[in-house]
Amino acid sequence: MIGYRPTSMWSFSWRFITLIIVSTIFVMALGQFSSTLKYGSYHYPQWASNGLALFIVLISIKVTSLHEADAGLGAGKSDDSSRVDSIAEKTVVQPGIFRSIF
């Protein structure tokens, strides 16, 4: 993807260090999770906090799937490298393009 094989340090970092850090953050977030959501003295109903969390998760999944479908890379479709290459060629920023803007 980047044109060369990453060093062993990158591989080690992505496989182990990142996993440990993300897992620690997740466990700490679960530890701080409160079953009741409140604002000042008002306690929100249980369905409100669970429904809000579920909505946030589901909307991100839907947006991602719509983006992939728009790019033609949705589930069940093969990755057509010529299509990806043509998209990449269109999005390459030419050197000096921002000089005229700034």
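Just so it is clear, none of the values below were taken in a lab; they were calculated from the coordinates. For clarity, every value in this text was computed on a predicted model and none was experimentally measured. Note that we place each Cβ from the backbone using ideal geometry, even for glycine, and neighbour counts take in every protein chain shown.
A few notes on this one:
- Residue in segment 7-29 that is out of contact with any Phe, Trp or Tyr (no Cβ under 8 Å at 6 or more places or on another chain), surrounded by 11 or more Cβ atoms within 10 Å (Cβ to Cβ) and assigned to a loop (DSSP other than H, G, I, E, B) present: no
- Residue count for segment 30-60 under the criterion of being of a type in the set (G, A, S) and surrounded by 10 or more Cβ atoms within 10 Å (Cβ to Cβ): the result is 5.
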